[in-house]
Each structure stands twice: as C-alpha cells, then as structure tokens.
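Structure first, commentary second.
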Amino acid sequence: MPRFQGRPWPSGTSVLHVYVLPCPGVDDELLSLARACVPLMEEYPVDPQLSGTGDDAGLLHLTVEMLADVPADEYDQSALQQLVEALGEELAVVAPFTTEVGPPMANIAGAVLDVWPEADAEVVREATRTAIRKARGEAALQHSGGRLHISLGYADGTGSSDRLNSRLRNEVTPRRAPLLVDRVHLLAVTWTEDEGSGGWRMSWDSVAEIPLGGSPR
C-alpha cells in the first residue's frame, strides 16, 4: 500500500515527486532487461510497470524524492515556479553521468533493480532535497526513500519471493544495464486503488523537466 505523510495514501490523490525516467533510444539495454523480467512475474502477484513488448518505458522510474507537505493540487503556479527554479539552480552544477541498475530482485514490495554505483545518484538526491528545502521547507521531506532503485513491479498480493528470485536469477541475462542520468522530471504522481484486484495503480502528469548541468539532450 502506498503511503503519504506516514499514512495510507488517499486513493486518487496526486503528490509531487522528482523522478529519473529511462529514455527509449538511450536506455534500451535497461528496457530490454526490464522486459525480460515481465513474463517471469506473470504467475506472481506483481503488477509490472511496463509490458513485455513495445519500445516505451511504461511507468519505470527511479524515485529521487517525494514532496510530502501537501497534495499537488495545493501548489499554485507561483509555488511550482519557485520549486522548478530551485531545482534548476541546484542541479545546474551536477554533471550528467551514467550508472548501472540490477540485478533484478523480488522483495516485500514487488521486484526492483537497485542502482550501483550509487554515489553520483546520491548527489542528485541531495541536490534535489536542498532545492526542496529552499522552496518548501523541511516539512516537505517526510519520507525516506531507502536505497535508490527502479521498481519493476508492485506486489498486490502474497507469493513466494524465493521462487521468483530463483527464476529472475536463472533466466534473465544480462543482469545489469546502464542508465543515463542527465535530467530529472517533476511529476504529479497519482495512486488509485483498484477495487477489482485489491491492488493500486500508478499514473502521473508531467509538471517540468529539469536538466543536469551540461546536459546534451
């Protein structure tokens, strides 16, 4: 169950997040790795974040930070502009870089690809947090995102992670892929409860795209 301000997420509520999004045509090795995992998750209660076919990135994302002071619809245009400007100032001095993600691993929340090396990505996260503090104050930072990762799918039931991990380990090759980080996306992320399955479905609307310093794209 997704959480907002330490409590269960109100279904249908949108909250601002800063994400890194894989880019088709640039991060194709990563997208191929993620697609290879999709059929292996089909018999488990995991909702994949992309399909096993096609050339789009689906809902794959690396969460940098959530802005948890208020829901997205309580930000007026001036507040959004202040936030975008603060993010632009802090990230302008962070150079683009390439890191790696993987191997695929099942856990209590679903299935993930951890980020490693993570030092450069942590610089992006800290710069983002600094910008959020400047624009919104400490109250906007209420959640610990834990280790940086990309979610392959979210669990909407119970199953054996041991069995799924065995399949991911034995049947997915290669097990790591590069990820170019040259920008972040400010998004209004919505979680909606699916009453039919008992799970939750994510969607988002784009608010702004903020390049890292010297970004070629």
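The values are calculated or read from the model by the stated rules, or taken from the named source; none is laboratory data. Bear in mind the structure is a predicted one, so any value in this text is a computation, not a measurement. All Cβ positions, glycine included, derive from the backbone under ideal geometry; neighbour counts span all protein chains shown.
Side notes on the structure shown:
- Among the conditions (1) out of contact with any Asp or Glu (no Cβ under 6 Å at 6 or more places or on another chain); (2) buried (at least 17 other Cβ atoms within 10 Å of the Cβ), residue 18 misses just one, which is (1).
- No other residue among 123, 189 is at negative phi and in a helix (DSSP H, G or I) apart from 123.
- Summed over segment 4-29, the residues that are out of contact with any helix residue (DSSP H, G or I) (no Cβ under 7 Å at 6 or more places or on another chain) and within 19 Å of residue 150 (Cβ to Cβ) give a count of 10.
Rundown of residues vs (1) over 16 Å from residue 63 (Cβ atoms); (2) in contact with a Cys (Cβ under 7 Å, 6 or more places away or on another chain), yes/no style:
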| site | (1), (2) |
| --- | --- |
| 111 | no, yes |
| 128 | no, no |
| 132 | no, no |
| 135 | yes, no |
| 141 | no, no |
| 146 | no, no |
| 149 | no, no |
| 153 | no, no |
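- Segment 155-168 - residue that is touching a strand residue (DSSP E or B) at 6+ places or on another chain (Cβ under 7 Å) and under 10 Å from residue 106 (Cα atoms) and, of those, surrounded by the fewest Cβ atoms within 10 Å (Cβ to Cβ): 165
- Of everything listed in (1) over 15 Å from the mean Cα position of the chain (by Cα); (2) farther than 15 Å from residue 148 by Cα; (3) modelled with pLDDT under 95, the single unmet condition for residue 48 is (1).
- Across segment 181-196, the number of residues qualifying as under 25 Å from residue 117 (Cα atoms) and surrounded by fewer than 18 Cβ atoms within 10 Å (Cβ to Cβ) comes to 2.
- Test set (1) more than 25 Å from residue 6 (Cβ to Cβ); (2) touching a strand residue (DSSP E or B) at 6+ places or on another chain (Cβ under 6 Å); (3) hydroxyl-bearing (Ser, Thr, Tyr); (4) outside any strand (DSSP E or B) - residue 99 fails condition number: (4)
- From the options 201, 169, 175, 163, residue that is basic (Lys, Arg) and assigned to a loop (DSSP other than H, G, I, E, B): 175
- Leading residue by the ranking (nearest to residue 67 (Cα to Cα)) among those in segment 108-144 that are polar (S, T, N, Q) and either surrounded by 19 or more Cβ atoms within 10 Å (Cβ to Cβ) or more than 16 Å from the chain's Cα centre (by Cα) (or both): 142
- Filtering segment 83-99 to residues that are closer than 15 Å to residue 182 by Cα, buried (at least 17 other Cβ atoms within 10 Å of the Cβ) and out of contact with any Ser or Thr (no Cβ under 9 Å at 6 or more places or on another chain) leaves 94, 99.
- Close pairs (7 angstrom Cβ cut-off, 6 or more residues apart or separate chains): touching a residue at least 24 places away in the same chain (Cβ under 8 Å) in segment 69-85, hydroxyl-bearing (Ser, Thr, Tyr) anywhere: 71/13; 71/14; 72/14; 73/14
- Any chance residue 32 is on the phi < 0 side of the Ramachandran plot, touching a residue at least 60 places away in the same chain (Cβ under 8 Å), in a helix (DSSP H, G or I) and surrounded by fewer than 18 Cβ atoms within 10 Å (Cβ to Cβ): yes
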